[in-house]
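Down below is the structure, laid out as structure tokens.
Values quoted throughout were computed directly from the atomic coordinates according to the rules given, and no laboratory measurement underlies them. The model shown is predicted, which means the values in this text are computed figures rather than measured ones. Positions of Cβ are generated from backbone atoms using ideal geometry, with glycine treated the same way; all protein chains shown enter the neighbour counts.
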């Protein structure tokens, strides 16, 4: 009888241990970050204010070199969450990968020129050297071309276009190698802190294509099946990121604290990053975001074709994740 009691006790302890371990693993979220990315800013705020501990979420970060590395890591199962755009999510869904998207930032790239440049309008880019981050089917580049064509200018043929990586082009722009540069928001902001000015922001062009408000192109991306199995955990994580955004929105002192992480050594430069980040915080309902994404998808399909959007004829159903709706 004694042996039986001991056996039962051991089984109960073992079961409790396994249950606790399962709970702990269920509350763990592995997030891919980039050294030059902004997701790490939010996660740092989250940890500094113990927002993760308050909600029972353990966030583990994996630093990767590029967005593509993050996509590979997500598909391979080595991370749970990455930052990517809804266009890629929709494309993957059409291919059978049930990924979902939750808005992270409405901040988009910009065309930057030196402060003393004679370039004042998009038409002035004719005959100039224009550096473009990404490649020929980069979304912002296609939208810029479409906008200038509405003004009778074909930048692809009427400008000297140079493609390259965002960091490389930003460095060369600082050296004076180009007349203008189209780059992602954080690299454009870096140039802004160095005395360059914005000729146009891509989000300024979106109303030309039926977009009715600030649109989040970048969001947190994760697997739909994983989210269904860890729904409370992912919802708590998304809630915590919103709280971190609120701190960054309202506290200038918090920006001073994370200045080394941002890479802004001077107060004026930090202010530029702070203001641009705050402008990019999503504030619209998910339904409005999805409606505009659906409209812009049709434009990008026309501009970039299957090489950009894949085989889908519209934004794949289920692309946007809704925390309040059960799978």
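Quick notes
- Only DSSP H runs of four or more residues enter the estimate; each adds -39500 (n - 2.57), and after division by the residues of the chain the mean residue ellipticity at 222 nm equals -15500 deg cm²/dmol.
- Computed from Cα positions, the angle between helix 2-26 and the longest principal axis of the chain comes to roughly 10 degrees.
- Relative to the longest principal axis of the Cα atoms of the chain, the long axis of helix 286-304 makes an angle of roughly 50 degrees.
- Sorted by Cβ density within 10 Å, fewest first, the residues 157, 189, 38: 157, 38, 189
- Gyration tensor (alpha-carbon) shape descriptor, the stretch 110-209, a/c threshold 1.5: rounded
- In the stretch 25-86, inverting the average of 1/r over every pair of distinct C-alpha atoms gives 12.1 Å as the Kirkwood radius.
- Paired Rg and Dmax values of the chain, which use every Cα atom, in angstrom: 22.5, 93
- Tilt relative to the chain, helix 139-149 - C-alpha long axis, 0 to 90 degrees, to 10: 30 degrees
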